[in-house]
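Enquirer: The following block contains the structure, expressed as structure tokens.
The values are calculated or read from the model by the stated rules, or taken from the named source; none is laboratory data. Computed from a predicted model, the values in this text were never measured in an experiment. No Cβ is skipped: glycine too gets one built from the backbone with ideal geometry, and neighbour counts run over all protein chains shown.
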Protein chains: 2
Amino acid sequence: MTGKPCVDVALVHAPVVNRKGEVIGSAVTNLDLHDIARACRTFGVDTYWIITPFARQRELSAEILEHWLAGHGRTANPDRGEALSLIRICADLDEAVTGVRAKWGKTVHVVATCARPRPDTIAYARLRRQIHTGRPVLLLFGTAWGLAPEVFEKVQVTLPPICGAGTYNHLSVRSAVSIVLDRLLGIGDL
Amino acid sequence: MTGKPCVDVALVHAPVVNRKGEVIGSAVTNLDLHDIARACRTFGVDTYWIITPFARQRELSAEILEHWLAGHGRTANPDRGEALSLIRICADLDEAVTGVRAKWGKTVHVVATCARPRPDTIAYARLRRQIHTGRPVLLLFGTAWGLAPEVFEKVQVTLPPICGAGTYNHLSVRSAVSIVLDRLLGIGDL
């Protein structure tokens, strides 16, 4: 690969679905900020977008970041601030896509993730090759029970579900992001 | 592979090291129980051992499990109980190793993990092949800043650090477990 990969991650809090398949908005959690930012920083992700339409949730997220980037957390654990500095908070997916396009000056390949098989999938190996040629990619992850149907209508392709033995498919979104980033951007002795 | 893999995961809360390299005991966290159990269940891990020498911490862990396995959580979210049912709580590593050996009736291959390179490493691909031949494996993960030196003295080999671009190596233990299990036990279209 020539230079740093152009990969962003977006964690979508709305629109997502609940256990019954109803479209909802979920709450931002402190741990999703921390764990996913640390994985993003490890694997060379450029920006980690937190998407929520709820203004109070965006304010809460900004307060948490403030603690680690400028407050006591900055000196207590500078490694954490280094990861959390990747976060940008925005109101909806369109705002994130516009931001990514402006940053890289070209069209961004928006790729969704889903715990269930979908028809429009792209293999991990193929997307990895595209990333290594420098194509800008925005990876979407859904909180709660996953991205809402209207999100899938906006994206070009979806990565296949992460599978192990058996049929249990209830990984945390933190685990899912970590595994997807490793598959697409991991290096070293596998 | 013939049959289910014989792989267990142990999350060690003591002895581990803190930021300064001092040997300490860390606190059990609710999220380590949930996220790691869900990853274990996804990838076919047989038992997820929670190791802590602190009796009150073992009691707390048991109370959390009780909620999801027999209390309100059992009906509210049965998927969660299915994952958490893999957990066994014990006081030290020897107790876990004895339990694994008794369960499978043969010697267990104890494999540590570390965020820093170590001389005694085994490649992921090699350990994956061993697992697929049915060799019982116990994977050790350290909380806080990682497993203490006395743990490494007891194990045969260590998996290489998980690396992305750059030198940041502060993944959460939840991310590390998820990635390691995917590398060793993941299946499907990569």
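Enquirer: Residue by residue through the range B:73-102, note down the ones that are small (G, A, S) and under 30 Å from B:P15 (Cβ atoms).
Expert: Correct list: B:A83, B:S85, B:A91, B:A96, B:G99, B:A102.
Enquirer: Now, a different point. Please enumerate the residues belonging to the range B:148-159 that are touching a strand residue (DSSP E or B) at 6+ places or on another chain (Cβ under 6 Å), surrounded by 18 or more Cβ atoms within 10 Å (Cβ to Cβ) and not small (G, A, S).
Expert: Hits for the range B:148-159 are B:V155, B:T158, B:L159.
Enquirer: Now, a different point. Would you please name the residue that is farthest from the chain's Cα centre (by Cα), looking only at residues in the range B:170-190 that are closer than 13 Å to A:G186 by Cβ and not aliphatic (A, V, I, L, M)?
Expert: Among those residues, the one meeting the criterion is B:G186.
Enquirer: Still on this structure: Among the residues of the range B:42-49, is any of a type outside the set (A, V, I, L, M), within 26 Å of A:A115 (Cβ to Cβ), away from chain A (no Cβ under 11 Å) and not in a helix (DSSP H, G or I)?
Expert: yes
Enquirer: I need the full set of residues from the range A:20-30 which are surrounded by fewer than 20 Cβ atoms within 10 Å (Cβ to Cβ), in a loop (DSSP other than H, G, I, E, B) and at negative phi, in order please.
Expert: Listed by number, the residues that qualify are A:K20, A:E22, A:G25, A:A27, A:T29.
Enquirer: Please tell me if B:N18 is among the polar types (S, T, N, Q), within 16 Å of the chain's Cα centre (by Cα) and within 14 Å of chain A (Cβ to nearest Cβ).
Expert: Against the criterion (among the polar types (S, T, N, Q), within 16 Å of the chain's Cα centre (by Cα) and within 14 Å of chain A (Cβ to nearest Cβ)), B:N18 does not qualify.
Okay, residues lined up against (1) at pLDDT 95 or above; (2) within 19 Å of B:L185 (Cβ to Cβ):
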site	(1), (2)
B:T42	yes, yes
B:G71	no, no
B:I89	yes, no
B:D94	yes, no
B:V111	yes, yes
B:R128	yes, yes
B:F141	yes, yes
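Enquirer: Taking A:N77 as meeting all but one of (1) surrounded by fewer than 16 Cβ atoms within 10 Å (Cβ to Cβ); (2) touching a residue at least 60 places away in the same chain (Cβ under 8 Å), write down the number of the exception.
Expert: Condition not satisfied by A:N77: (2).
Enquirer: Could you go through the range B:148-160 and let me know if any residue there is within 15 Å of the chain's Cα centre (by Cα) and under 21 Å from A:S172 (Cβ atoms).
Expert: No, the range B:148-160 contains no residue that is within 15 Å of the chain's Cα centre (by Cα) and under 21 Å from A:S172 (Cβ atoms).
Enquirer: A further question on this structure: Output the number of residues of the range A:1-19 satisfying the condition of being assigned to a loop (DSSP other than H, G, I, E, B) and modelled with pLDDT of 95 or more.
Expert: Adding up the residues that qualify gives 5.
Enquirer: Give the range B:131-142 a look and list any residue that's crowded, with 17+ Cβ neighbours inside 10 Å and not β-branched (V, I, T), or say none.
Expert: B:R135, B:P136, B:L138, B:L139, B:L140, B:F141, B:G142
Enquirer: Oh, and also: Within the range A:50-59, work out how many residues are buried (at least 16 other Cβ atoms within 10 Å of the Cβ) and part of a helix (DSSP H, G or I).
Expert: 2
Enquirer: Given the criteria in contact (Cβ under 8 Å) with a residue 24 or more places away in the chain and of a type in the set (G, A, S), does A:A70 qualify?
Expert: It is false that A:A70 is in contact (Cβ under 8 Å) with a residue 24 or more places away in the chain and of a type in the set (G, A, S).
Enquirer: So, one more: Does the range A:31-47 contain at least one residue that is farther than 30 Å from A:R129 by Cβ, surrounded by fewer than 17 Cβ atoms within 10 Å (Cβ to Cβ) and over 15 Å from the mean Cα position of the chain (by Cα)?
Expert: The answer is no; no qualifying residue exists.
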